[in-house]
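The structure appears right after this line, and notes come after that.
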Amino acid sequence: MSNITTIHPSQKNKKYIYEIHFLRAFACLAVVGVHVSATNYGMNEDTWNWFTYFLNQIGRFGTPIFAVISGFLLFYQVKRRGFELGHFFQSRLTKILFPFLIWSLAYRLLLYVYDNQSLGDLGAEVLKIVTGNSFYHLYFVVIVIQFYFIFPFLQKIFRTQTFLLILTFVSLLISYNLYGFNPGLEGPLGEFLASKSFMPIWIFYFAFGGFLAYFWDEIVQFATKRPWKMLVLALILSAGAVVEYTINGYVANNRPSNLINIPLLCIAVIGMYPLLSKWNVLKKPLTLIGQYSMGIYLIHPMILYLFARHLPEQYWHVNYVPAMFIAVMLIAVIFIRVVQMIPFSSFVIPVPKIKKVKNVSPPEEGNLEKKQLA
């Protein structure tokens, strides 16, 4: 096969796919955009400017794309390397669960120091953590952890393209029918099942990630031959999102329209890679953001929280929003680099290690680095 994903069999376990890396960078930028704009909204007496509202709503693509990437990486590893249960849970424990617990405690301490939020009893505090309520962004990590519990069963059953098609279709029905789900239960369990932290609402995005993994060669071959058309598709989807929130008002990231938008947008970004990778001014920053995306996701709300309590009022004018966005990204990257100097830093912020090896793809079809999958 002669597309950009072709590698020698002896090197296949070292392969890293830049298209997914770029997709992860775009998802990260979108999520940060949502939270920068939301913080600006809160600091302006809950008032939107047209720009902050646009940034907030267009960024609602980010979280579902992260779910797609999570599903892709899991199914892609099984496709290439097989599955070993002990290694899987050990890997997830060190790369996801430990950082999640550490940052949950860090944000709880932040609220205790700045907002004087007293600690509740042990059961209440544990419940906050396991439901992702320690801070507003941690719910997504809880969603991913829930998926880890069912993934060993899914990968056992759905290991072919045909079965992945079935899984994707069934998951689409589940996610669609669970939109606005209310179990009719009271108490913590009912609240959790009705919340956006309940993983089955997001199951389609994880399954679509598996679909991408098992149809990767076909999708890349189709999309990367049409980079300009993929760019147009991405712009059309973005324009459609603007029309949607203009007509319907504020929309969430798990809205039903994203069940169509997200697959198309993922394919569009994959197809845009050959176009974007020609310019180092885009390629290098996006590569770094993709590599640091997990750390940026974990730390950026804390940066915004501290900004909100220490920056003078004039810096919350809408004109400063782009500068604040850049500042948040730069501070997050610098923080991650500093943390990497600390022993056992991967338990705090996991950063994939890059292994550069000789390119094996034809130069006209794109250069590849081989990297350990996150």
Quick one: Karplus J couplings for the range 159-171, per residue in order, coefficients 6.51, -1.76, 1.60, θ = phi - 60°, nearest Hz, x for Gly and Pro? 10, 10, 4, 4, 5, 5, 4, 5, 4, 5, 5, 4, 5
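Under the 0.36 nm per residue contour assumption, what length would be gained going from the current alpha-carbon distance of Ser257 and His317 to full extension? Don't skip to the end; give the middle numbers.
Numbers: separation 60, 0.36 × 60 = 21.60 nm, distance 3.18 nm.
Contour length minus Cα-Cα distance gives 18.4 nm.
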Signed unit charges on C-beta, dipole axis of the chain, positive-most listed residue Met230, Gln77, Tyr320: Gln77
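Please give me, ordered by residue number, the GluC sites (Glu not before Pro) of the range 183-230 that lie in loop per DSSP and have at most 10 other Cβ atoms within 10 Å. Intermediate results must be reported in sequence, preceding the final value.
Numbers: sites: Glu186, Glu191, Glu218; in loops: Glu186.
Taking the range 183-230 and a limit of 10 other Cβ atoms within 10 Å, the loop GluC sites (Glu not before Pro) found are Glu186.
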Vicinal HN-Hα couplings computed from phi for the range 85-100 (Karplus, 6.51 cos²θ - 1.76 cosθ + 1.60; Hz; Gly/Pro x): 4, x, 5, 4, 6, 5, 5, 5, 5, 7, 8, 10, 5, 4, x, 4
Select one label from (i) 23.0; (ii) 21.6; (iii) 21.1: the one whose number is Kirkwood radius over Cα pairs in Å as derived from the coordinates shown. (ii)
For the range 73-198, the Cα convex hull volume per residue in Å³ comes to 128 Å³
Would you mind calculating the gained length between Leu85 and Phe347 on full extension (0.36 nm times residue separation, minus the Cα-Cα distance), in nm to one decimal? 92.3 nm
Connecting C-alpha atoms closer than 10 Å in a GNM of the chain, tell me which of Arg24, Arg309, Arg108 has the biggest fluctuation. Arg309
How large is the dipole of the chain about the Cα centre if only Lys and Arg carry +1 and Asp and Glu carry -1, each at its Cβ, rounded to the nearest 20 debye? 1720 debye
Environment charge of Gln161, counting only residues whose C-beta is closer than 12 Å and scoring Lys/Arg +1, Asp/Glu -1: 0
Test of understanding: in a Gaussian network model of the chain with alpha carbons linked when under 10 Å, which of Ile102, Ile17, Ile342 would top the mean-square fluctuation ranking? Ile342
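By how many nm would the segment from Asn44 to Tyr179 lengthen if fully extended, with 0.36 nm per residue of separation less the alpha-carbon distance? Present the calculation step by step, with values, prior to reporting the outcome.
Details: separation 135, 0.36 × 135 = 48.60 nm, distance 3.11 nm.
Gain on extension, Asn44 to Tyr179, equals 45.5 nm.
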Can you list residues whose amide H is under 5 Å from Leu178's amide H, if they're 5+ apart or on another chain and H is modeled 1.01 Å from N? none
How much mean residue ellipticity at 222 nm does the chain get from its helices, if each DSSP H run of length 4 or more adds -39500 (n - 2.57) and you divide by all residues, to the nearest 500 deg cm²/dmol? -21000 deg cm²/dmol
Obtain the nm distance between the two label points defined at Ser195 and Tyr112 by a simple spin-label model: each point lies 7 Å from its Cα along the Cα-to-C-beta direction. 2.0 nm
Residue with peak Gaussian network fluctuation, the chain [Cα springs, cutoff 10 Å], from Val348, Val68, Val281: Val281
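What number, in percent, do you get for the relative contact order of the chain if the mean sequence gap of Cα pairs under 8 Å and at least 6 apart is divided by its residue count? Intermediate values should be presented prior to the final figure.
Values: 459 pairs, mean separation 119.9, N = 374.
So the answer I get is 32 percent.
Just so you know, all these numbers are worked out from the coordinates, no wet-lab data involved. Being a predicted model, the structure only gives us computed values, none of them experimental. FYI the Cβ positions are ideal-geometry reconstructions off the backbone, even for glycines, and counts take in every protein chain you see.
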